[in-house]
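Okay, so here's the structure we're looking at.
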Amino acid sequence: MDGLRKTMSKVTAIVAVIAALLGLVVGKFLWGASNPATPTAAQPTTLSSTDAVAPGQLDSYYAFLSGGQSGDVYVYGVPSMRLIKTIPVFTPDPRSGYGFTPDTKAMLGGYTWGDDHHPVMSQTNGTYDGRWLFVNDKANNRVGEVDLKTFETKQILNLPNEIGTHSLTITPDSKYLFTASEYSAPLNNGPAQGNYAPLNAYSEKYFGILSSIGLGSDGKMNLNWEMLTAPYDYDLAAAGKAVSDGWVFVSSYNSEEATTDTEVNSTKNSRDYVLVVNYVEAQKLVDAGQYDFVNNGVKMIDPRKHPGLAYLIPCGKNPHGVDVSPNGQWVVASGKLDPIVTVYDFNKIKAAIEKKDFQGTGWGNLPVLNYNDVMTAEIQVGLGPLHTQFDDKGYAYTSLFVESAVTKWQLGTWKVVEKIPVNYNVGHIAVAGGDSEHPYGQFLIALDKMSQNRFLPVGPGYPVNEQLIDISGSSMKLLREAPANREPHYAVIVPANVIKAENVYPVGKSGNPNAITAENQAKVVRNGNQVTVYMAAIRSHFTPDQLTVKQGDKVTIYLTNLEQQPNITHGFAVSDYNINVAVDPGQTKVVQFTADKPGVFPFYCTDFCSALHEEMMGYLTVQP
Ligand code: RUQ
Ligand code: CUA
Ligand code: CA
């Protein structure tokens, strides 16, 4: 036995040597190189409730979930509910180096978290097109944009006058995004301006803000204008579509203008309002230079001075979501404190505006439409309705927070057809394509704010629960569920073939002037105490792999991963210097630091890239 074992280990050793030699002869590129066939996305199929995605099979849909207080976007495969990727948007991410490199740090602007609520995807002709994903940050009043070719954050736009950027919606042509403030603030709010107004001046000096963001054909966001609104608290916004294209609808729950004990004081009125804004007219005004003033560099519109821009529609007490049906005709507001959703007919809204059929005026003399003239149905959906989504078969689905259920009802007949319990306290629900003019239906994810007896106990901080419901048949079926950390808030779900993800960054095509395209371009450039390194990473070494600098030198490393084989990411960490980045194939990233600690510091690859991954290292020598 012993003899056999020795012979076997000798054979193993010889095989290893041959393999190593082969690797050297063919080149260093061979290490760890296996080249699995490029995966192709599965086409959407109709699944029965028992269908699962077997190991080795691909999902048929992507779900993009806003990561709530994590400031990230989570990417799930549907129907497996497997988490495939976490995309950092508003929060630094040590795994990738996002927020640590100078460019991404500048993009984050000093903030180290965000509160993402509402993801929206770019659309073409009212259909999701898979180019970009946008998400709002309620905490720090920003909108982040993810490039869906690379699944990386490409832009963060600050909204200077908005406080509590909560809603986010996109027009069917992707020309505009709209967001509204959940909270109100005095103009010129903020420490830099020193303009302050006490809370007892709330009604006169505080304003809500509706922001219009223009989107270029290259996907670049620009802040077009901001509109003053009543100092209410705005929840969701929904851009019109088809017949209601050109309008945006915003729900507001604090028409009481409560500033203390809001829980009680904002629920005194029996009705609140949906704000209706004609954004085409507002844009024309701004294009003609007829905006009212500039605040923090933003063109501001005061709708009190321009009749025809904004209207108020009474709605149920403390509404939550407002949603527009795929054909654009039905505007649905959820009561939250009323067990009903209210359906308005946009054609009636338009007719009332044209006929000036108003029941009176509200904030700033804005016309208030006559509820009974524009309302088409009040549907008894159940307790605590929050959000409504639409499928491809003429049904709507409303989440019931208090009742912990999803109600299915029919457009046109306004009949409730079915209800399914969820676990529990559901916030948003997302139907595949449910925000667009062309929903895909088939799947609904209930984003439950809480879970009870669903997962192994993990201490007093409970996971939330994402539940996948099959809505393709005549009755809803719970397929599976996935716990998550606090708190995915809302989701966009699209068929897998809508997304055209890149496999690698093509070397030489990045347009980055600091990228190199071959190892022999690697170099170190010194200019006084500035040391600039153009470094290459390719299996399984860095070039150069010895860096000698003087204590106090400012070091900038442009690190290009020269790999063109998918999947081969290299990391770059420097011991004791608190530095790590991950560089994907063909990508160039910047590492910048002051060499303030003398000594010898290994740098090494942090991404397990090959059999010689550990050998992929070098030395930074800092001379005292
Ligand atoms: S909205 S959970 Cu205020 Cu996203 Cu409803
Ligand atoms: Cu490169 Cu590990
Ligand atoms: Ca209220």
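Return yes when TYR232 is at pLDDT below 95 and either of a type in the set (Asp, Glu) or not in a strand (DSSP E or B) (or both) and no when it is not. Steps first, please.
Details: at pLDDT below 95: no; either of a type in the set (Asp, Glu) or not in a strand (DSSP E or B) (or both): yes.
The answer is no for TYR232.
Residues in segment 321-343 that are within 16 Å of ligand 1 (Cβ to nearest atom), open to solvent by 10 Å² or more (accessible area, probe 1.4 Å) and at pLDDT 95 or above: how many?
Initially, segment 321-343 is screened for residues within 16 Å of ligand 1 (Cβ to nearest atom), giving 321-324, 332-338, 341.
Narrowing the set further to residues that are open to solvent by 10 Å² or more (accessible area, probe 1.4 Å) leaves 323, 336-338.
Filter again for at pLDDT 95 or above, leaving 323.
Of the residues in segment 321-343, 1 are within 16 Å of ligand 1 (Cβ to nearest atom), open to solvent by 10 Å² or more (accessible area, probe 1.4 Å) and at pLDDT 95 or above.
Give segment 68-93 a look and list any residue that's open to solvent by less than 10 Å² (accessible area, probe 1.4 Å) and over 22 Å from VAL581 (Cα atoms), or say none.
GLY68, GLY77, VAL78, PRO79
Give me a count of the residues in segment 387-420 that are surrounded by fewer than 21 Cβ atoms within 10 Å (Cβ to Cβ) and on the phi > 0 side of the Ramachandran plot.
3
Inside segment 120-159, counting only strands (runs of 3 or more DSSP E) that do not spill past its ends, which hold 2 or more residues that are open to solvent by 30 Å² or more (accessible area, probe 1.4 Å) and out of contact with any helix residue (DSSP H, G or I) (no Cβ under 7 Å at 6 or more places or on another chain)? Show your work before the answer.
Numbers: elements: 127-137, 142-147, 152-158.
Result: 127-137, 152-158.
Search segment 247-290 for residues being in contact with a Pro (Cβ under 8 Å, 6 or more places away or on another chain) and of a type in the set (Ser, Thr, Tyr), and hand back the single one that is nearest to ligand 2 (Cβ to nearest atom).
Restricting to residues being in contact with a Pro (Cβ under 8 Å, 6 or more places away or on another chain) and of a type in the set (Ser, Thr, Tyr), the top hit is SER251.
Mind checking whether some residue in segment 554-570 is away from ligand 2 (no atom under 15 Å from the Cβ) and farther than 20 Å from GLY511 by Cα?
Within segment 554-570, one or more residues are away from ligand 2 (no atom under 15 Å from the Cβ) and farther than 20 Å from GLY511 by Cα.
If I ask for residues that are closer than 24 Å to GLU281 by Cβ, crowded, with 21+ Cβ neighbours inside 10 Å and not polar (S, T, N, Q), which ones from segment 177-192 would you list?
Taking segment 177-192 and keeping what is closer than 24 Å to GLU281 by Cβ, we get 177-181, 184, 187.
Next cut, crowded, with 21+ Cβ neighbours inside 10 Å only: 177-181, 184.
Result: LEU177, PHE178, ALA180.
Name the residues in segment 346-363 that are closer than 10 Å to LEU312 by Cβ, assigned to a helix (DSSP H, G or I) and small (Gly, Ala, Ser), would you?
none
For GLY384, indicate whether it is on the phi > 0 side of the Ramachandran plot, open to solvent by less than 20 Å² (accessible area, probe 1.4 Å) and in the same structural domain as LYS305 (by TED's automatic domain parsing).
On the way: on the phi > 0 side of the Ramachandran plot: yes; open to solvent by less than 20 Å² (accessible area, probe 1.4 Å): yes; in the same structural domain as LYS305 (by TED's automatic domain parsing): yes.
Against the criterion (on the phi > 0 side of the Ramachandran plot, open to solvent by less than 20 Å² (accessible area, probe 1.4 Å) and in the same structural domain as LYS305 (by TED's automatic domain parsing)), GLY384 qualifies.
Hey, can you tell me all the residues within segment 94-119 that are under 30 Å from GLY434 (Cβ atoms) and open to solvent by 70 Å² or more (accessible area, probe 1.4 Å)?
Correct list: TRP113 only.
Kindly indicate whether TYR462 is touching a Leu at 6+ places or on another chain (Cβ under 8 Å) and of a type in the set (Phe, Trp, Tyr).
On the way: touching a Leu at 6+ places or on another chain (Cβ under 8 Å): no; of a type in the set (Phe, Trp, Tyr): yes.
No.
(1) of a type in the set (Asp, Glu); (2) assigned by TED's automatic domain parsing to the domain that holds ASP235; (3) more than 16 Å from ligand 1 (Cβ to nearest atom): which one isn't true of ASP448, the others all being true?
Checking ASP448 against (1) of a type in the set (Asp, Glu); (2) assigned by TED's automatic domain parsing to the domain that holds ASP235; (3) more than 16 Å from ligand 1 (Cβ to nearest atom), the one that fails is (3).
Scan segment 547-577 for residues that are touching an Asp or Glu at 6+ places or on another chain (Cβ under 8 Å) and closer than 19 Å to THR101 by Cβ and report the count. If you could, list the steps in order and put the result at the bottom.
Initial filter on segment 547-577 (touching an Asp or Glu at 6+ places or on another chain (Cβ under 8 Å)): 551-552, 561-562, 569-571.
Narrowing the set further to residues that are closer than 19 Å to THR101 by Cβ leaves 561-562, 569-571.
Total meeting the criteria: 5.
Which of the residues that make up segment 444-488 are surrounded by 16 or more Cβ atoms within 10 Å (Cβ to Cβ) and β-branched (Val, Ile, Thr)?
ILE445, VAL464, ILE469, ILE471
ILE163: over 19 Å from VAL120 (Cα atoms), touching a residue at least 24 places away in the same chain (Cβ under 8 Å), within 16 Å of ligand 1 (Cβ to nearest atom) and not aromatic (Phe, Trp, Tyr), yes or no? Can you show your working first?
On the way: over 19 Å from VAL120 (Cα atoms): yes; touching a residue at least 24 places away in the same chain (Cβ under 8 Å): yes; within 16 Å of ligand 1 (Cβ to nearest atom): yes; not aromatic (Phe, Trp, Tyr): yes.
Yes, satisfied.
Do we find a residue being under 35 Å from the mean Cα position of the chain (by Cα), closer than 21 Å to ASN503 by Cα and away from ligand 2 (no atom under 15 Å from the Cβ) anywhere in segment 517-537?
yes
So, restricting to strands (runs of 3 or more DSSP E) that lie completely within segment 515-624, which ones have at least 2 residues that are open to solvent by 30 Å² or more (accessible area, probe 1.4 Å) and touching a residue at least 24 places away in the same chain (Cβ under 8 Å)? Give the steps one after another, and end with the answer.
Values: elements: 523-527, 530-538, 541-543, 546-550, 554-561, 570-574, 579-583, 588-594, 599-604, 617-623.
Qualifying strands (runs of 3 or more DSSP E): 530-538, 541-543, 546-550, 554-561, 588-594, 599-604, 617-623.
Only residues that are open to solvent by 40 Å² or more (accessible area, probe 1.4 Å) and either without any contact (Cβ under 8 Å) to a residue 12 or more places away in the chain or at negative phi (or both): list them for segment 239-255, please. Working first, answer last.
The initial filter retains those residues of segment 239-255 that are open to solvent by 40 Å² or more (accessible area, probe 1.4 Å), namely 242-243, 245.
Answer for segment 239-255, where residues must be open to solvent by 40 Å² or more (accessible area, probe 1.4 Å) and either without any contact (Cβ under 8 Å) to a residue 12 or more places away in the chain or at negative phi (or both): VAL243, ASP245.
Conditions (1) farther than 18 Å from SER122 by Cα; (2) in a strand (DSSP E or B), marked per residue:
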residue: ALA197; (1), (2): yes, no
residue: TYR202; (1), (2): yes, no
residue: PHE207; (1), (2): yes, yes
residue: LEU223; (1), (2): no, yes
residue: SER251; (1), (2): yes, yes
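Pull out all pairs, ordered by first then second residue, where Cβ-Cβ is under 8 Å, the residues are six or more apart or on different chains, the first lies in segment 309-321 and is within 16 Å of ligand 2 (Cβ to nearest atom), and the second is part of a loop (DSSP other than H, G, I, E, B) and not hydrophobic (A, V, I, L, M, F, W, C).
Filtered contacts from segment 309-321: no entries.
Given the residues GLY459, GLY473, which is the only one that is out of contact with any helix residue (DSSP H, G or I) (no Cβ under 9 Å at 6 or more places or on another chain) and under 30 Å from ALA242 (Cα atoms)? Walk me through how you get there before you give the answer.
On the way: GLY459 fails: under 30 Å from ALA242 (Cα atoms).
After ruling out the rest, the residue left standing is GLY473.
Which pairs turn up if I take residues in segment 265-289 that are open to solvent by 10 Å² or more (accessible area, probe 1.4 Å) and look for partners that are assigned to a helix (DSSP H, G or I) and among the aromatic types (Phe, Trp, Tyr) with beta carbon separation below 8 Å, at least 6 apart in sequence or on another chain?
ARG271/TYR371
The values are calculated or read from the model by the stated rules, or taken from the named source; none is laboratory data. A quick note: this is a predicted structure, and the numbers were derived from the prediction, not measured. With ideal geometry, Cβ positions are generated from the backbone for all residues, glycine too; neighbour counts draw on all protein chains shown. Areas reflect the complete protein model, heavy atoms only, side chains present, ligands, DNA and RNA absent. Shrake-Rupley method; radii C 1.70, N 1.55, O 1.52, S 1.80 Å.
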